[in-house]
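To keep things clear, I will list the structure first and then write my remarks on it.
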Amino acid sequence: MLTIKNLKASIEGNQILKGINLEVKPGEVHAIMGPNGSGKSTLASVLAGRDEYEAIADEVTFLGQDLMELAPEERSREGLFLAFQYPVEIPGVSNINFLKAAINAKRHHQGLEDISAKDFIAMVKEKQAMVELKSNLANRSVNEGFSGGEKKRNEIFQMAMLEPKLGILDETDSGLDIDALKIVSNGVNKLKGPDRAFVVITHYQRLLDYIVPDFVHVLFEGRIVKSGGKELALELEEKGYDWIKEEIGVHN
Amino acid sequence: MAYTEAELAEELKNKKYEFGFVSNFDSDKAPKGLNEDIIRLISSKKNEPEWLLKYRLDAFRVWESMTEPEWAHLHHPPIDFQDLHYYSAPKTKKRLNSLDELDPELKSMYDKLGISTEEQKRLTGVAIDVVVDSVSVETSFKEKLGELGIIFCSFSEAVQEHPELVRKYLGTVVPTNDNFYAALNSAVFTDGSFCYIPPGTRCPMELSTYFRINDAQTGQFERTLVIADKGSYVSYLEGCTAPMRDENQLHAAIVELITMDDAEIKYSTIQNWYPGNEEGKGGIYNFVTKRGLCEGRNSKISWTQVETGSAITWKYPSCILKGDGSVGEFYSVAVTNNYQQADTGTKMIHIGKNTKSMIISKGISAGKSNNSYRGLVKVLPKAHNARNFSQCDSLLLGSECGAHTFPYIEAQNSSAKIEHEATTSKIGEDQIFYCLQRGIDEEKAVSLIVNGYAKEVLNKLPMEFAIEAQKLLSISLEGSVG
């Protein structure tokens, strides 16, 4: 589904990603962990197509297409979804209208007509229940006045509505209390399926208690320095990131 | 009125200024220039009574003694007032008995304006008066309204049929010597709309006037007078378009509103005069005086405007809150793009006790344009317990445009409560990227964000107008980001 070979990215002359390699297959959940400043969020932004990064790679293929050639909105319509670490507020634009615009953009891309009002409402109800989003939030302006937890839940709601092929979760657990974390994780788990993959970016292991990854990768100074199964996350939790630094020969 | 986002997207693809066509019907024009003879000509063409000719001539003499105001944050070359036609009328050979007899060119113009009268009649039940260049060409629904005692007709017709009402109220809210452009209008106004709602009557439909400047080098000077008698209500809509021309055209209208005890007028405008091209060539100079007088107790006047057109907008729809407990409201969205300039706002003059006013102004600037809010809240000594709330927001798109706020407050009664809030923001790249990441393209994203920003004001418009306004906002800002 997603193949990344030797991805490098820099911003204002600072190189953040220094050669990332990653292979994500349908149905898999990959966790990307790493200390602050290791490049986790940069990776998410580059994959989503933020243009302030200068990115080059030997290959970045998403569902058979050269991802770097696609505009951000095309990436989205092809099925790439980014759950933002800091979802922005859009005053005066209702969540519902926003989602309808997004869904219809994707449908037009697929050569389909606008979604009917009836189907849309039914979908909103179903997905809202799935992520336990209060119905009044769906009708409010996009993220405006939402608490941190509500914003994250809204991201998962949007992901459920847009039914992407690949969901990238950028530190979705940050700022969540344990109850909100469970709800968000439950939502993601319900969205799992054989055709859908997730890349879960997180600083802490605790999210991975609820969203169990197939693979864990450790990102450090712009490179994936270690990969393993879910047990790697537990090891990191126990020993901290210093252990990795020692293992790869970096000293503070 | 079903209007889908797909239709909007489709329209946005190929629209710039869509009303830029010129219709080729014959017109009857006065020679260029302004003098007493021209005024006499206009007056005689309209078969006006002597008092009205005198009113015009007095105004002309006042105008001659005045100079153009220079305090506004606007820049334009001097206007040669002698180089304009002050009267131009589409030639119609006979009086029309039905819509089918309408000049085909005129009819096709209506269609292009999207106000196919037959459609409008059937679908929306909006009564329309259309003013092309200087004269009112058609008023629909008159009979139906007549049964309720509502008078809705062209200004010229009102002068003939209801001279007592016109004479009683004309110039009582905007006196001829009010300002340079008001004096000019009072001297040369050619047509417009007149409306009177009798006591206790709620007008059952939206009344609407569509203004159109067609002829080249023609100034348009309409006059609108709306009177809501005791306990009555009317919602009035006004739309404006003009052809694309390289030279600047002048529009100087006056709108006077009067509400008696417990009456309410809701006046909505969508102003889409030609704004000039991307280099700032051409476009309408829009110098308009709009004012409402809350004469009666507990009466209310509400102005809602969406201003997307004109090269220059100079316009301050105001309320004089004379009756105790009267309420004035001003809701405005003003968009400027390319080289457009707007200096707009309102005046709320509190005279009566317990009067209230509310000002919500949303400026949107893009391109190299300048957008200014200018407002006055004045509380006179006897206006006990006056209340005002003002909110003036500015949204900037790009880095070459300007937003300015000039709020003036004069309170002469210590019991007044006046609140003013102002914000300036830019459309954030983060907001745009968020939309892009959800598959929404940039044009649509800007349209969503801007419409969201202006929502408080758009919500005040009648339904059909709100949709029109949303489309206009999107079209006006097309290509202004990125």
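The values are calculated or read from the model by the stated rules, or taken from the named source; none is laboratory data. This is a predicted model, so every value here is computed, not measured. Please note: Cβ atoms are built from the backbone with ideal geometry, for glycine as well, and neighbour counts cover all protein chains shown.
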Selection within the range A:164-181 - free of Cβ contacts under 8 Å to residues at least 60 places away in the same chain, of a type outside the set (Gly, Ala, Ser) and in a loop (DSSP other than H, G, I, E, B): A:Asp173, A:Leu176, A:Asp177
B:Val327 vs. criteria in contact with a strand residue (DSSP E or B) (Cβ under 6 Å, 6 or more places away or on another chain) and buried (at least 24 other Cβ atoms within 10 Å of the Cβ): no
Within the range A:55-74, considering residues that are assigned to a helix (DSSP H, G or I) and not hydrophobic (A, V, I, L, M, F, W, C), the one farthest from the other protein chains (Cβ to nearest Cβ): A:Glu69
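Each row is one residue, and each column tells you yes or no for (1) within 7 Å of chain B (Cβ to nearest Cβ); (2) within 16 Å of B:Ile440 (Cα to Cα); (3) crowded, with 17+ Cβ neighbours inside 10 Å; (4) modelled with pLDDT of 95 or more.
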{"site": "A:Ser76", "(1), (2), (3), (4)": "yes, yes, yes, yes"}
{"site": "A:Gln85", "(1), (2), (3), (4)": "no, no, yes, no"}
{"site": "A:Ile90", "(1), (2), (3), (4)": "yes, yes, yes, no"}
{"site": "A:Asn95", "(1), (2), (3), (4)": "no, yes, yes, no"}
{"site": "A:Glu126", "(1), (2), (3), (4)": "no, no, no, no"}
{"site": "A:Ala129", "(1), (2), (3), (4)": "no, no, no, no"}
Verdict on A:Ala129 being out of contact with any helix residue (DSSP H, G or I) (no Cβ under 9 Å at 6 or more places or on another chain) and either more than 26 Å from A:Leu2 (Cβ to Cβ) or among the small types (Gly, Ala, Ser) (or both): yes
Helices (runs of 4 or more DSSP H) wholly inside the range B:98-197 containing at least 3 residues that are over 28 Å from B:Lys471 (Cβ atoms) and at pLDDT 85 or above: B:155-161, B:163-169, B:180-188
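Test A:Val200 against the stated conditions and say whether it is under 15 Å from the mean Cα position of the chain (by Cα), aliphatic (A, V, I, L, M) and more than 28 Å from A:Gly64 (Cβ to Cβ). So that I can check it myself, show each step before the final result.
Numbers: under 15 Å from the mean Cα position of the chain (by Cα): yes; aliphatic (A, V, I, L, M): yes; more than 28 Å from A:Gly64 (Cβ to Cβ): no.
It is false that A:Val200 is under 15 Å from the mean Cα position of the chain (by Cα), aliphatic (A, V, I, L, M) and more than 28 Å from A:Gly64 (Cβ to Cβ).
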Subset of the range B:59-72 (residues that are assigned to a loop (DSSP other than H, G, I, E, B) and either modelled with pLDDT of 85 or more or of a type in the set (D, E, K, R) (or both)): B:Ser65, B:Met66, B:Thr67, B:Glu68, B:Glu70
Members of the range A:193-252 found to be over 21 Å from A:Val29 (Cα atoms) and of a type in the set (Lys, Arg), listed by number: A:Lys239, A:Lys245
Residue list for the range A:97-124, filter: within 11 Å of another protein chain (Cβ to nearest Cβ), touching a residue at least 12 places away in the same chain (Cβ under 8 Å) and part of a helix (DSSP H, G or I): A:Phe98, A:Leu99, A:Lys100, A:Ala102, A:Ile103, A:Ala105, A:Lys106, A:His109
Single unsatisfied condition, B:Ser357 versus (1) hydroxyl-bearing (Ser, Thr, Tyr); (2) over 16 Å from B:Glu329 (Cβ atoms); (3) more than 14 Å from chain A (Cβ to nearest Cβ); (4) buried (at least 23 other Cβ atoms within 10 Å of the Cβ): (2)
Residue match in the range B:363-377 (condition: surrounded by 21 or more Cβ atoms within 10 Å (Cβ to Cβ) and either modelled with pLDDT of 95 or more or among the acidic types (Asp, Glu) (or both)): yes
Looking only at the range A:33-73, and only at residues there that are touching a helix residue (DSSP H, G or I) at 6+ places or on another chain (Cβ under 8 Å) and farther than 19 Å from A:Ser10 by Cβ, the one that is surrounded by the fewest Cβ atoms within 10 Å (Cβ to Cβ): A:Ala71
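Please specify each residue of the range B:28-66 satisfying the condition of being among the hydroxyl-bearing types (Ser, Thr, Tyr) and either more than 19 Å from B:Gln82 (Cβ to Cβ) or under 25 Å from the mean Cα position of the chain (by Cα) (or both).
If we filter the range B:28-66 for residues that are among the hydroxyl-bearing types (Ser, Thr, Tyr), which is where we start, we get B:43-44, B:55, B:65.
Matches in the range B:28-66: B:Ser43, B:Ser44, B:Tyr55.
For the range A:182-252, give me every one of the strands (runs of 3 or more DSSP E) that falls completely inside it and has 2 or more residues that are in contact with a His (Cβ under 7 Å, 6 or more places away or on another chain) and farther than 15 Å from A:Glu171 by Cα. It would help to see each step written out before you state the result.
Values: elements: A:197-202, A:215-220, A:223-228.
Qualifying strands (runs of 3 or more DSSP E): A:223-228.
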Sole exception among (1) more than 14 Å from chain A (Cβ to nearest Cβ); (2) crowded, with 18+ Cβ neighbours inside 10 Å; (3) within 30 Å of A:Leu70 (Cα to Cα) for B:Gly398, by number: (2)
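Does the range B:438-458 contain any residue that is of a type in the set (Asp, Glu), more than 9 Å from chain A (Cβ to nearest Cβ) and farther than 19 Å from A:Ala105 by Cα? First the steps, then the outcome.
Taking the range B:438-458 first, the residues of a type in the set (Asp, Glu) are B:441-443, B:456.
Those still in the list that are more than 9 Å from chain A (Cβ to nearest Cβ) too: B:443.
Keeping just the survivors that are farther than 19 Å from A:Ala105 by Cα gives none.
Checking the range B:438-458: not a single residue is of a type in the set (Asp, Glu), more than 9 Å from chain A (Cβ to nearest Cβ) and farther than 19 Å from A:Ala105 by Cα.
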Qualifying residue in the range B:266-279 (condition: within 23 Å of B:Pro199 (Cβ to Cβ) and not in a loop (DSSP other than H, G, I, E, B)): yes
Pick from the range A:131-148, criterion in a helix (DSSP H, G or I) and small (Gly, Ala, Ser), ranking: farthest from the other protein chains (Cβ to nearest Cβ): A:Ser135
Verdict on B:Tyr434 being within 10 Å of another protein chain (Cβ to nearest Cβ) and touching a Lys or Arg at 6+ places or on another chain (Cβ under 8 Å): no
First in the range A:35-52 and facing chain B (nearest Cβ under 9 Å), second anywhere and in a helix (DSSP H, G or I) and of a type outside the set (Val, Ile, Thr), Cβ under 7 Å, 6 or more apart: A:Ala48/A:Pro72; A:Ala48/A:Arg75; A:Ala48/B:Gln437; A:Gly49/A:Pro72; A:Gly49/A:Arg75; A:Arg50/B:Phe433
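Quick one: is B:Lys426 out of contact with any Ser or Thr (no Cβ under 8 Å at 6 or more places or on another chain) and either within 10 Å of chain A (Cβ to nearest Cβ) or not hydroxyl-bearing (Ser, Thr, Tyr) (or both)? First the steps, then the outcome.
Numbers: out of contact with any Ser or Thr (no Cβ under 8 Å at 6 or more places or on another chain): yes; either within 10 Å of chain A (Cβ to nearest Cβ) or not hydroxyl-bearing (Ser, Thr, Tyr) (or both): yes.
Judged against the criteria, B:Lys426 is a match.
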